Amino acid sequence: MSAPDPTIKVMPNVKLGQNVRIFGFVNLYGCEVGDDSRIGTFVEIQKNAKIGQRCKISSHTFICEGVKIEDDVFIGHGVMFTNDLFPRATTETGAPQTEADWQCLPTTIKRGASIGSNATLLCGITVGERAIVGAGAVVTKDVPAGTIVAGNPARVLRKVAEPKK
């Protein structure tokens, strides 16, 4: 990045790889972004999230704590990740919840996967290598490697066709 852009908020605890491109109105804190990755406008990446190398994170995407995205992954516009199956604002006694009051469930997106625009991924799942999640899908369970899923809830449609050589 060249001159500081006031629309980009990158906290000092962020680990940025080489040649990372970050567009305006981005909020990154406590996360890691690998070499040659691109982060679009209006993206938030929270602490303890990890983005691999050569990834494209499109605009309006939210990547929360506990999400690991491996190398060569495409994330479409407006993709939402979750990290708590039973979110609450307060405890049973009515006190505001703290980090000690809930369990962060990790989500992994494997190498070469693609997540379509406006997909929602519930926590605790793995999207397999080179899998494709269709636009608008709600992913509630693991996605096998090399498959295409779509719908609400997402269901396997077919295998991904291998590129011709």
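Converting phi to 3J(HN,Hα) with the Karplus coefficients 6.51, -1.76 and 1.60 and the offset θ = phi - 60°, the range 133-140 yields 9, x, 4, x, 5, 10, 8, 10 Hz in sequence order, with x at every glycine or proline. Taken along the Cα-to-beta-carbon direction at a fixed 7 Å, the label points for Ala89 and Arg158 span 4.6 nm. Distant-in-sequence amide contacts of Ile125, defined by a placed amide H-H separation under 5 Å and a gap of 5 or more residues or a different chain, comprise Thr108. When a 1.4 Å probe is rolled over the protein heavy atoms, the share of accessible surface on the chain that falls to carbon and sulfur comes to 54 percent. Taken about its Cα centre, the range 1-125 carries a charge dipole of about 320 debye when Lys and Arg each add +1 at the Cβ and Asp and Glu each add -1 at the Cβ. Overall, the range 1-58 carries a charge dipole of about 100 debye about its Cα centre when +1 sits on the Cβ of Lys and Arg and -1 on the Cβ of Asp and Glu, all other atoms neutral.
Remark on Ile51: its backbone amide H falls under 5 Å from those of Glu32, Val33, Gly34, Ile69, a criterion applied only to residues 5 or more positions apart or on other chains, H modelled at 1.01 Å from N. Where the alpha-carbon atoms of the chain are placed on the principal axes, they occupy 51, 47, 19 Å, in descending order.
Rounded, prolate or oblate for the range 1-78? Axes are the square roots of the Cα gyration tensor eigenvalues, ordered a ≥ b ≥ c, and the cut-off for rounded is a/c under 1.5. Cα axes put the range 1-78 in the rounded bin. Taking θ as phi - 60° and the Karplus parameters 6.51, -1.76 and 1.60, the scalar couplings of the range 101-113 work out to 9, 8, 10, 7, 9, x, 10, 10, 10, 6, 3, x, 6 Hz in sequence order, x denoting glycine and proline.
Annotation: per residue accessible area for the range 45-165 equals 54 Å², rounded to a whole number [probe 1.4 Å, protein chains only]. Among beta bridges identified by DSSP and lying wholly in the chain, the antiparallel ones come to about 10 percent.
Across the cross-link table entries Lys68/Lys164; Lys50/Lys110; Lys15/Lys68; Lys68/Lys165; Lys110/Lys141; Lys15/Lys141, which are compared at the Cα atoms, the separations over 22 Å belong to Lys68/Lys164; Lys68/Lys165; Lys15/Lys141. Within the range 63-147, the GluC sites (Glu not before Pro) that combine a DSSP coil assignment with at most 12 other C-beta atoms in a 10 angstrom radius are Glu92.
Overall, the range 88-141 carries a charge dipole of about 360 debye about its Cα centre when +1 sits on the Cβ of Lys and Arg and -1 on the Cβ of Asp and Glu, all other atoms neutral.
The values are calculated or read from the model by the stated rules, or taken from the named source; none is laboratory data. Only a predicted model underlies this, so the values are computations on that prediction, with no experimental measurement involved. Cβ sites come from the backbone with ideal geometry, for glycine too, and all protein chains shown count toward neighbours. We work out accessible area using only protein heavy atoms, side chains counted, and drop any ligands, DNA or RNA first. Shrake-Rupley method; radii C 1.70, N 1.55, O 1.52, S 1.80 Å.
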